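What follows is a set of notes on a single structure, which appears directly below.
All of the numbers you see were taken from the coordinates with simple rules; none came from a lab. These numbers come from a predicted model, not from an experiment. Cβ atoms come from the backbone with ideal geometry, glycine included; neighbour counts cover every protein chain shown.
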Amino acid sequence: MYNYFVYLALMAGVTYLIRMLPLVLVKEKIKNKFILSFLYYIPYSVLSVMTFPAVFYSTGNVVSASVGTVVALILAFFNKSLVTVAGLSALSVFVVELLTKIM
Amino acid sequence: MEQNSFFKGIKDGLPICFGYLSISFAFGIFAIGNGLTLIQAVLMSMTNLTSAGQLAAVPIICSGGALAELAVSQIVINLRYALMSVSLSQKLGKSVKMRDRFWMAYANTDEIFAVASSQESVGKKYFFGLMLTPFLGWTLGTLLGAGAGNVLPEIVVSSLGIAIYGMFIAIVMPKVKRERPTALCVGLAIVLSVMFYYIPCLKTIPSGFTIIICAVVSSATFAYFAPINVCGEDEENV
């Protein structure tokens, strides 16, 4: 356990350095194929790992979360905007939870 | 032609600002739900400007995780910003001095990068305008979310829990749809992630390290077996 500000300083420092060092140091393009490919895949694998299976436990219950996830997947498949996908999937969770409360 | 209009920057940044308001609102609620105070949540948003990184950091911090876990997981999760910075550095115009790169780097988020990249050449006044409202939106949204968490009915808080994940899905799905190697890489990442979530001895590994291991293994595997083509320019024109 550390003081929150220790964590925060470390986190902010790391995030900033990752953005700053290449912007300040790199003048030419990276050419190594493996590194380029790795850097290409990383955001998608990171976001996928963070989403599954955690998304199923992100709301009040697994059922509403599953519905929300399916809605998000469908909307994203049809290239809807970030806010539309996020907003409508949240709305569908809301509707499902409301319905389970009423019934 | 160097794009160096402050007001054009503001104008281009507004849609990003509105998107950030809603996502950071959900983050604010999430942070409070995990035990952070309002000030802690807002400070995190102000100093980091990263949705995925912040989302991953909260459980680590709240469970008293090791500093190494936090640092390395942030590096892996935010690694894409390094590539974006390399890419952005190619596009900076004459008005951008070396000292400007130090403050511009702070705001190189996914969305700001995407919009800046769509310009032929990025000027410092333009970039400053571009980053201003998203920064305010991200901070204010966190403040409102963290503050509202206690006031909103439980069902609303619960529904918003999925918002950030919805955004992640919206980012990943278009690529998965179009590119087979990326789809398979994502598939592998998910399989690994699920294994680390449920298998008894694996599930004791803290969340930060799990993200690192699963993402790095799947990305490295596909980087090796399915390297991408040439110029590394993967972003579509915005």
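Computed quantities for the displayed model
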{"item": "Span-like helix ranges in chain A, DSSP H, alpha carbon extent 18 angstrom or more, Kyte mean at least 1.6", "result": "A:4-25, A:62-77, A:82-102"}
{"item": "D (Stokes-Einstein, µm²/s), Kirkwood Cα radius, the range B:54-185, 1.002 mPa s at 20 °C", "result": "122"}
{"item": "Entries of A:K33/B:K125; A:K80/B:K94; A:K33/A:K80; A:K27/B:K125; B:K97/B:K175 with Cα pairs more than 28 Å apart", "result": "A:K33/B:K125; A:K80/B:K94; A:K33/A:K80; B:K97/B:K175"}
{"item": "Residue among B:Q3, B:L140, B:N34 farthest towards the positive dipole end of the range B:1-143, charges placed on Cβ", "result": "B:Q3"}
{"item": "For the range B:122-135, 3J(HN,Hα) per residue [Karplus equation, 6.51 cos²θ - 1.76 cosθ + 1.60, θ = phi - 60°, Hz, x = Gly/Pro]", "result": "9, x, 6, 6, 4, 4, 4, x, 4, 7, 5, 5, x, 4"}
{"item": "Residue exposure sequence - B:W103, B:W138 - by fewest surrounding Cβ within 10 Å", "result": "B:W103, B:W138"}
{"item": "Amide H contacts under 5 Å for B:L92, placed H, 5+ residues apart", "result": "B:V122"}
{"item": "Likely footprinting exposure, B:F25, B:F7, fewest C-beta neighbours within 10 Å first", "result": "B:F7, B:F25"}
{"item": "Calculated from backbone phi, Karplus (6.51, -1.76, 1.60) coupling profile of the range B:166-181 in Hz, x at Gly/Pro", "result": "x, 5, 4, 4, 5, 6, 7, 3, x, 5, 4, 5, 9, 10, 4, x"}
{"item": "Karplus 3J(HN,Hα) series, Hz, for the range B:137-144 with 6.51 cos²θ - 1.76 cosθ + 1.60 (x for Gly, Pro)", "result": "x, 5, 5, 5, x, 4, 4, 5"}
{"item": "Test item: B:221-228 mean partner chain Cβ contacts at 10 Å", "result": "5"}
